[in-house]
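Contents: one structure, followed by commentary.
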Amino acid sequence: MSTTTSDLNQTTSAELFRNAQQHIPGGVNSPVRAFRAVGGHPVFMQSAQGAWLTDVDGNRYIDFINSWGPMIMGHAPAVVLDAVQAALGNSLSFGAPTRREVEMAELIKKMVPSIEKVRLVNSGTEACMSAIRVARGYTGRDKIIKFEGCYHGHGDSFLISAGSGALTLGTPDSPGVTEGVARDTITVAYNDLAAVEAAIQANDGQVAALILEPVVGNMGLVEPVEGYLAGLRELCTRHGIVLIFDEVMTGFRLARGGAQELYGITPDMTTLGKIIGGGLPVGAYGGRRDIMDCVAPAGKVYQAGTLSGNPIATAAGIAQLTYLQDHPELYTELNRITTRLADGTRQIAAELGLNYTVNQVGSMFSVFFTDRPVHNLDDAKHSDTDAFGRYFRAMLHRGIYLAPAQYEALFVSTAITDELVDQYLQACRESMREAHNL
Ligand SMILES: *Cc1c(COP(=O)(O)O)cnc(C)c1O
């Protein structure tokens, strides 16, 4: 049976989107869902199982977004659904401590040993906002250093040279962020150690924290160059700066212990999200005990949440993390499958005379429509985004659901089999041709 959807009927999606635009800004609850970077209208989803999404018109797609990362085990895995179902009968929320919050904290610490204490929140945004507040409280300093094209959620401090949807929409600096906040955010190009050192020197004794995605997913997938993370670690130690790894994407994905395990670098603080909730809204921030003990009520830095540590969310999170913890072989297999996808794509592009850059780390990869190696945002911006848009639509038409923007990573789940890789590669070959009139 052919699994491509050569004649997509998207009537219901189109209707829903028209209606949505009357009631929701831009018709979506998060900008990158709007398909503005690739043309057309977004597809409204109905259900999903394993590797497959089904939209409201009954079209099926192989999913390479996986809810932007959380669904690392594919959609609706029984272990997670069972845990949620078992938790449902005991109320959806208490606003009081529960046993699972302690279990979840212990599990996170075991998987990410640099975390000595951890606080649960409801999103990656909250985790990153809270982490820099704590770093400021701990150091008594105001400024933070971040990197062009890195995304740390939509907290004010981070919407300066931000990646992901902000970058795609051409508004990496958002209106509504005050000059005061902007002044306290120093941005530097990624993968340039000398630039960081210069920024630290120019703001001597004023930098509280340096926050980065240790492997960047939000300008497309960009790997740290050899020695970069170790260099940042050394600079932060020397200058008393809190090093924050934003592992909202990479945590529990690139390895059980995230990028910090993969590269062997220990940050002072880590922010987590996405996979940690198994698809439910969860984030976390944690790190060194002396830093985390600044958080109220242990310390004076205030941070709170009515639904934080929610019993259903922790049920899902514990189930998914426990499974990952108990199945280390799954990372080897994810890596093998993703290498097939990335190598195959690179080869297809090369055969067509397009020497496109395909970056891959573990189960994340990006196809940049440029022949320039991509080590930072400037490199990424050389991509032919019009050709990418045509490619995206051609792939969607063939039942392959990619991230609807050039500057995003693709996420592979354990539900992607060799047979599905073959289907992807066939669609990729046809779509590359179609996008370039070859
Ligand atoms: C997704 C993401 C965030 C924001 O998380 P939300 O749950 O969307 O608020 C922060 N940092 C990184 C690296 C992310 O990929």
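Computed over the Cα atoms of the range 281-377, what is the ratio Rg over Rh, Rh following Kirkwood?
Details: Rg = 20.8 Å, Rh = 17.6 Å.
Radius of gyration over Kirkwood radius for the range 281-377 works out to 1.18.
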For this session: Please identify which residues in the range 94-137 have an amide N closer than 14 Å to a label point set 7 Å out from the Cα of Asp156, following the Cα→Cβ vector.
Result: 129-130, 133
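Please report the projected area of the range 1-151's Cα convex hull averaged over all directions, in nm².
Spelled out: convex hull of the Cα atoms, projected over all directions, averaged, 14.2 nm².
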For this session: Compute the FRET efficiency between Asp290 and Asn19 as 1/(1 + (r/R0)^6), taking r as their Cβ-Cβ distance and R0 = 30 Å, and round to the nearest 0.05.
Result: 0.05
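If you average 1/r across every pair of different Cα atoms in the range 78-326 and take the reciprocal, what Kirkwood value do you get, in Å?
After inverting the mean inverse Cα-Cα distance, the result is 18.2 Å.
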Seminar exercise, completed: Quick calc, Glu226 & Ala350: beta-carbon distance into FRET formula, R0 22 Å, rounding 0.05, result 0.35
Problem set entry | Percent of Cα-Cα distances greater than 40 Å, calculated over the chain | 15 percent
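Quick one: pull the percentage of alpha-carbon pairs in the range 182-338 with a separation above 24 Å. Provide the component values of the computation, followed by the final result.
On the way: 5105 of 12246 pairs.
Result: 42 percent of Cα pairs exceed 24 Å.
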Problem set entry | Theoretical ellipticity at 222 nm over the chain - DSSP helices of four or more residues, -39500 (n - 2.57) apiece, nearest 500 | -12000 deg cm²/dmol
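Here is the link list: Lys146/Lys300; Lys110/Lys381; Lys117/Lys143. Which ones come out longer than 32 Å on Cα distance? Before the final figure, lay out the partial values.
Details: Lys146/Lys300 25 Å; Lys110/Lys381 39 Å; Lys117/Lys143 24 Å.
With Cα atoms farther than 32 Å apart: Lys110/Lys381.
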Problem set entry | Rg ratio (alpha-carbon, reference 2.2 N^0.38 Å) - the range 114-248 | 0.98
Problem set entry | Longest site-free stretch - the chain; sites: chymotrypsin sites (Phe, Trp or Tyr not before Pro), DSSP loop, at most 14 other Cβ within 10 Å | 95-301
For this session: With r as the distance between the Cβ atoms of His436 and Met45 and R0 = 35 Å, compute the FRET efficiency 1/(1 + (r/R0)^6) and round to 0.05.
Result: 0.75
Seminar exercise, completed: Taking a probe of 1.4 Å and leaving out DNA, RNA and ligands, the chain shows per residue an accessible area in Å² of 41 Å²
Problem set entry | Gap separating the Cα centres of the range 380-438 and the range 197-226, nearest whole Å | 30 Å
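Going through the range 220-300, which trypsin sites (Lys or Arg not before Pro) have at most 15 other Cβ atoms within 10 Å and a DSSP loop state?
Details: sites: Arg233, Arg238, Arg253, Arg256, Lys274, Arg288, Arg289, Lys300; in loops: Arg253, Arg256, Arg288, Lys300.
Passing both the DSSP loop test and the Cβ count: Lys300.
If I compute solvent accessible area with a 1.4 Å probe over the protein chains, what percent of it on the chain is carbon and sulfur?
Accessible surface attributable to carbon and sulfur in the chain totals 50 percent.
What net charge is computed for the residues neighbouring Pro373, neighbours being all others with C-beta under 15 Å from the C-beta of Pro373, Lys and Arg scored +1, Asp and Glu -1? Display every interim value, and only then the final one.
Working: positive: Arg346, Arg372, Lys381; negative: Asp192, Glu223, Glu226, Asp371, Asp378, Asp379.
Taking every other residue near Pro373 into account, the sum is -3.
Which longest run of the chain has no exposed loop site in it, a site being GluC sites (Glu not before Pro) in a DSSP loop with at most 15 other beta carbons within 10 Å, and the site itself not part of the run? Display every interim value, and only then the final one.
Working: sites that count: Glu116, Glu226.
After excluding every exposed loop site, the longest remaining stretch is 227-438.
The values are calculated or read from the model by the stated rules, or taken from the named source; none is laboratory data. This is a predicted model, so every value here is computed, not measured. Using ideal geometry, Cβ is built from the backbone for each residue, glycine included, and neighbour counts are taken over all protein chains shown. Keep in mind that these areas ignore ligands, DNA and RNA; they rest on the heavy atoms of the full protein, side chains included. Shrake-Rupley method; radii C 1.70, N 1.55, O 1.52, S 1.80 Å.
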